[in-house]
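These notes are about the structure you will find just below.
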Amino acid sequence: MKIAKLEAIPYSIPYRKPLKFASGEVEAAEHVLIRVTTDDGVTGIADTPPRPYTYGETQASIVAVVDQIFGPSLLGLDPLDREKIHAKLNRTVHNNTAKGGIDIAVWDIIGQLAGLPVSSMLGGFTDGMRVSHMLGFAESQKLLDEALRMRDQYGIDTFKLKVGRRPIGLDIEACHVLRDGLGQETEIYLDANRGWTANEAMEVLRQTDGLGLSLLEEPCDAKEAMSRKRLVEKSPIPVVGDESVPTAGDVSRELLAGGCNAISIKTARSGFTEAQRILSLCEGLGVDVVIGNQIDTQIGTLASVTFGSAFEATTRRAGELSNFLDMSDDLLADPLLIQDGRINAREVPGVGAAIDEEKLARYRQDQ
Ligand code: MUC
Ligand code: MG
């Protein structure tokens, strides 16, 4: 069995409600669908969300690196030989999302060949995950209204608030309004996407003390090594590395440097193979993890829940799995459902991300 074709298909689907955060804004899912096909006609699928402000990748760069470098170097390899595939991919630095997508598509093929759900092959811990919903920049009352609607409609009771605005008072007020309106039992945590300095983050922690916030993600740029280390040492809550830690090597560097003490795992940028390395590293060190969202479509979210539900450590916290709700449409043929605050992985061979071909034809940008 050989890899016979690697496709990188750019497409665009508008968001009904754009997401704004400290490092950027998303108004349309201008993503790239990765399709890997074997000579026996088995097809693996993955979705890649380019985030130029996070990893430097663009839609065009993902298409180019797949068409010009990864495709030619992987053709003819056996999809079961993942280490060989990664050795080839790793001859090119960065391009994490393109590599992650190829890895997920290869796992999808392996699951189909084995006749097993990939979630069972990875670990098979449970059937799904609790969902955490991400609240983008908005005025405080609107944030509360959205959180209450998510709770009523989907049973979601964990919220990640996007912060990192200046003046910091905007975010501090939002934290107070959410806590007052949602009550003590709801989990609320923050993600600043490097919007503050470490010292601003410290001041936010001081002024939100007593609100029971659970995590602080990427408060400032990880390159602010000295002040971020001080923040991590003094913070009463875990400081989560997200965009600073796409690979296991980055995770080791940041944990050893004291730049964070919890890790966001995103399958979109780490695939399943690197995500598993990251998870093992964190478990070995006793470091908390959270399954993050790279503003994923339903295809990307299905990959996250496939990985997240496979392991005990990734199910301790709710996974960020609801951003797709704000999209006007999606390519996944059989839509994902959030019920009682949970999403399930699929009990079919592979990942289970069958594409609606008619929608792909409508949204693709290369024809
Ligand atoms: C997050 O957790 O930071 C924003 C940009 C990105 O790549 O992911 C999102 C959410
Ligand atoms: Mg983040």
Discussion item. Can you show me the helix-derived [θ] at 222 nm for the chain, built from DSSP H runs with n ≥ 4 at -39,500 (n - 2.57) apiece and divided by the number of residues, rounded to the nearest 500.
Written reply: -11500 deg cm²/dmol
Worksheet entry | Ranked order, 269, 35 - accessible area, probe 1.4 Å, largest first | 35, 269
Worksheet item: Where a Cα-Cα gap under 29 Å defines reach, which lysines qualify for residue 359, not counting those fewer than 8 residues away within the same chain?
Response: 2, 5, 17, 20, 99, 266
Worksheet item: Excluding residue 260 itself, what net charge comes from residues whose Cβ is under 14 Å from its Cβ, given Lys and Arg +1 and Asp and Glu -1?
Response: -4
Discussion item. Report the Cα centroid-to-centroid distance between region 315-367 and region 158-195 in angstrom, as an integer.
Written reply: 27
Discussion item. 5 Å is the cut-off here: which amide hydrogens, built 1.01 Å from N in the peptide plane, fall below it relative to residue 291, excluding neighbours closer than 5 in sequence?
Written reply: 265, 320
Worksheet item: If you put +1 on each Lys and Arg Cβ and -1 on each Asp and Glu Cβ, how big is the dipole of the chain around its Cα centre, in Debye rounded to 20?
Response: 700
Worksheet item: What accessible surface, in Å², does a 1.4 Å probe find on residue 121, ignoring ligands, DNA and RNA and rounding to the nearest 10?
Response: 70
Worksheet entry | Accessible-area ranking of 266, 88, largest first, probe 1.4 Å | 88, 266
Practice prompt. Run the 1.4 Å probe and let me know the accessible area of residue 315, rounded to the nearest 10 Å².
Written response: 30
Discussion item. Stokes-Einstein diffusion coefficient for the chain at 20 °C in a medium of 1.002 mPa s, Rh from the Kirkwood formula over Cα pairs: what value in µm²/s?
Written reply: 104
Worksheet item: Among the GluC sites (Glu not before Pro) within region 153-244, which fall in a DSSP loop and have no more than 10 other Cβ atoms within 10 Å of their own Cβ?
Response: 185
Discussion item. Whole-Hz ³J(HN,Hα) for each residue in region 65-79, computed from phi via Karplus 6.51 cos²θ - 1.76 cosθ + 1.60 with θ = phi - 60°, x for glycine and proline: what do you get?
Written reply: 5, 6, 5, 9, 10, 5, x, x, 7, 9, 4, x, 7, 7, x
Worksheet entry | Solvent accessible area, Å² - residue 104, 1.4 Å probe, full protein context | 10
Worksheet item: With every protein chain left in place, what is the accessible area per residue of region 120-344 in square angstrom, probe 1.4 Å?
Response: 36
Worksheet item: Taking θ as phi - 60°, what are the ³J(HN,Hα) couplings along region 223-235 by the Karplus curve (6.51, -1.76, 1.60), each to the nearest whole Hz, with x for Gly and Pro?
Response: 5, 6, 4, 6, 6, 5, 4, 5, 4, 4, 5, 8, 5
Worksheet item: If Lys and Arg each add +1 and Asp and Glu each add -1, what is the summed charge of the other residues whose beta carbon sits under 13 Å from the beta carbon of residue 117?
Response: -2
Discussion item. What is the percent carbon and sulfur in the accessible area of region 273-357, measuring with a 1.4 Å probe over the protein chains and ignoring ligands?
Written reply: 46
Discussion item. Leaving out ligands and nucleic acids, and using a 1.4 Å probe, what accessible area per residue does region 1-104 come to in Å²?
Written reply: 41
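The values are calculated or read from the model by the stated rules, or taken from the named source; none is laboratory data. Predicted model, so just to flag it, every value in this text is computed and none were measured. Cβ atoms come from the backbone with ideal geometry, glycine included; neighbour counts cover every protein chain shown. Surface accessibility is based on the protein's heavy atoms, side chains included, excluding ligands, DNA and RNA. Shrake-Rupley method; radii C 1.70, N 1.55, O 1.52, S 1.80 Å.
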